[in-house]
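The values are calculated or read from the model by the stated rules, or taken from the named source; none is laboratory data. Treat the numbers as computed from the prediction; the structure is a model and nothing was measured. Here the Cβ positions follow ideal geometry from the backbone for every residue, glycine too, while neighbour counts run over all protein chains shown.
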Amino acid sequence: MTEHHTAVVIGAGQAGLSMSWHLTQRGVDHVVLERDTTAHEWIDGRWDNFTLVTPNWQCVLPGYAYDGDDPDGFMTRDLVYDFVRRYADSFDAPVREHVAVHSLRQRLGGGYHLETSAGAMTADQVVVAVGGYHLPSIPRLAERISPDVTQIHSSRYRSGAALPDGAVLVVGTGQSGAQIAEDLHLEGRQVHLVAGSAPRVARFYRGRDCVAWLQDMGVYDVSIADHAGGLAKRESTNHYVTGRDGGRDIDLRAFALEGMRLYGRLTDVDADGVLRFAPTLEQSLDAADAVADGIKNDIDAYVAAAGIDAPTEPRYTPVWRPDVEPTELDLAAAGITSVVWAVGFRRDYRWVKVGVFDGEGHPAHVRGVTGAEGLCFLGLPWQNTWGSGRFAAIARDAEYLAEHLASISSREPAGV
């Protein structure tokens, strides 16, 4: 007989485990299916010196919270992995590892049918908790780079020592690209960095971590429905900053003073291995600084309105500007032997055979609830708020979905 559960949760990261905790508390029969191993992305998809960019006190999951001796610090990759693994053990989460879901379909009469590597299953309800970052994205122009140059996606980067000797080109300045560039820079490698449009934020301001100020200000709790950007905010790039060595700013201008080479948007790769860039570098740096300064303005206004006694400090002054923006780079002449592509991921929901997606492949949902009864998504960027990508808000999103699914289960059958 086909195995049946009231609920199936797909994905055993912090999102899927949060959902499992709520289902366990409600006594709901369920299983968590994980293609690899519990919390594996924290160990398999991060570099050796990775740290969280959010302070440890924000690491809160349902029924579980950080209880170490450094609440204002930033957990390393291995500590985060251990934190999530211990969370699964804390309530004996019913995780089945190495079970891939090949397809998910609706059943006639209600519920869902799943084809998995362990056989067929059915469920009344399904929560897809596989996040929104699935397939590493590398542009087609990478194919025109010489095969003598090692190319990897940021998700496969581990350390400079794991790359061939020589200079390294990092493409992208989101959170991963900026931190990987810093990691290589600190290792003493010659780094060439292609800057994108990602914003930045100061690590500390007026005596506190900026995350703490924003938390108190309620910024992480503003619903996407109430946000000026609307659903377009789901495509926003996170601000770059680091938690390394107790936390600090990432200042690309300071890196340039120390020898890092910066470029504007990559536009083309010639057949002879010469890269072409648009003259957008100064504009990108200024825009990132403006966002950081705007956040400080908001903090200043909050401090003044609340009458908080907080120390003042001078604003950031740019320490470097390009004299002339470089528009080309000969990889061989520059001694570049490796390229790290930090340009994001593509979504891959081809296995979900249910009509709940918009024209761009996004799950169409309201706070994770789709138009197909009993099918929900959890752990998406901006699922409900900016905080949805952080531990504490994932916990809140999971609770909302658990209550929603419970309301479906409690309905009386038609005709009763």
- Item | Checking Val211 against (1) in contact with a Leu (Cβ under 9 Å, 6 or more places away or on another chain); (2) surrounded by 16 or more Cβ atoms within 10 Å (Cβ to Cβ), the condition it does not meet | (1)
- Message: Give all pairs with beta carbons closer than 8 Å in which a residue from the range 320-347 that is on the phi > 0 side of the Ramachandran plot meets a residue that is part of a strand (DSSP E or B); count only pairs at least 6 apart in sequence or on separate chains.
- Response: Gly335/Ala167
- Item | the range 124-167, residues that are assigned to a strand (DSSP E or B) and touching an Asp or Glu at 6+ places or on another chain (Cβ under 9 Å) | Gln125, Leu135
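Mind telling me which of the residues Ala304, Ala333 ends up being surrounded by fewer than 13 Cβ atoms within 10 Å (Cβ to Cβ), over 31 Å from the mean Cα position of the chain (by Cα) and in a helix (DSSP H, G or I)?
Among Ala304, Ala333, only Ala304 is surrounded by fewer than 13 Cβ atoms within 10 Å (Cβ to Cβ), over 31 Å from the mean Cα position of the chain (by Cα) and in a helix (DSSP H, G or I).
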- Among the residues of the range 38-52, is any farther than 21 Å from Gly131 by Cα and not polar (S, T, N, Q)? yes
- Query: Does the range 207-223 include one or more residues that are part of a helix (DSSP H, G or I) and either free of Cβ contacts under 8 Å to residues at least 12 places away in the same chain or closer than 30 Å to Val274 by Cβ (or both)?
  - Reply: no
- Message: Scan the range 261-268 and tell me whether some residue there is buried (at least 17 other Cβ atoms within 10 Å of the Cβ) and assigned to a loop (DSSP other than H, G, I, E, B).
- Response: yes
- Message: Looking only at the range 154-168, how many residues end up being crowded, with 19+ Cβ neighbours inside 10 Å and under 20 Å from Leu275 (Cβ atoms)?
- Response: 4
- Message: Could you list, ordered by first residue, the pairs with Cβ atoms under 6 Å in which the first is in the range 1-19 and more than 16 Å from Ala88 (Cβ to Cβ) and the second is hydroxyl-bearing (Ser, Thr, Tyr), at least 6 apart or interchain?
- Response: Thr2/Thr122; His4/Thr122
- Could you say whether any residue in the range 103-125 is among the aliphatic types (A, V, I, L, M) and within 23 Å of the chain's Cα centre (by Cα)? no
- Item | Every residue from the range 191-220 that is of a type in the set (Ser, Thr, Tyr) and at pLDDT below 95 | Ser197, Tyr220
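Quick check on my filter: what residues within the range 32-70 are of a type in the set (A, V, I, L, M), at negative phi and either part of a loop (DSSP other than H, G, I, E, B) or surrounded by 21 or more Cβ atoms within 10 Å (Cβ to Cβ) (or both)?
Val32, Leu33, Leu52, Val53, Leu61
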